[in-house]
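Here the structure comes first, spelled out in structure tokens, and everything after it is commentary.
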Amino acid sequence: MKQKNPLYLVKGKTVHPTKSLWEYVVIKFNLRPILNILNQIFQFILEQVKDYPSFVTAKNFVDQFINRLHQLKERFS
């Protein structure tokens, strides 16, 4: 099925079709390395969860991170 309004990102002479706005932003601002690092950090933290207190600590960390992202989003909206 063909997409009605695909997004295209032009870098130099290369045109990259993107499937979503998120993919467009990741490619446009070269965020893939940062996202990979964040993914590894979250995986490491979740691997450390062995009991309820460590779960609460991990949850609080993730909640703080998400809250900071929301603050950043609102700042630029």
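Structure values in brief
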{"item": "Tally of residues being among the aliphatic types (A, V, I, L, M) and in contact with a Leu (Cβ under 7 Å, 6 or more places away or on another chain) across region 27-43", "result": "1"}
{"item": "Val49 being out of contact with any Asp or Glu (no Cβ under 6 Å at 6 or more places or on another chain), part of a helix (DSSP H, G or I), surrounded by 10 or more Cβ atoms within 10 Å (Cβ to Cβ) and not polar (S, T, N, Q)", "result": "no"}
{"item": "Of all residues in region 1-51 being closer than 19 Å to Val62 by Cα and among the charged types (D, E, K, R), the one that is nearest to the chain's Cα centre (by Cα)", "result": "Glu47"}
{"item": "Residue count for region 18-37, restricted to those that are at pLDDT below 90 and either aliphatic (A, V, I, L, M) or in a helix (DSSP H, G or I) (or both)", "result": "8"}
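Residues checked against (1) in a helix (DSSP H, G or I); (2) touching a helix residue (DSSP H, G or I) at 6+ places or on another chain (Cβ under 9 Å); (3) surrounded by 10 or more Cβ atoms within 10 Å (Cβ to Cβ):
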site	(1), (2), (3)
Asn39	yes, no, yes
Phe42	yes, yes, yes
Phe65	yes, yes, yes
Glu74	yes, no, no
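The values are calculated or read from the model by the stated rules, or taken from the named source; none is laboratory data. Being a predicted model, the structure only gives us computed values, none of them experimental. Cβ atoms come from the backbone with ideal geometry, glycine included; neighbour counts cover every protein chain shown.
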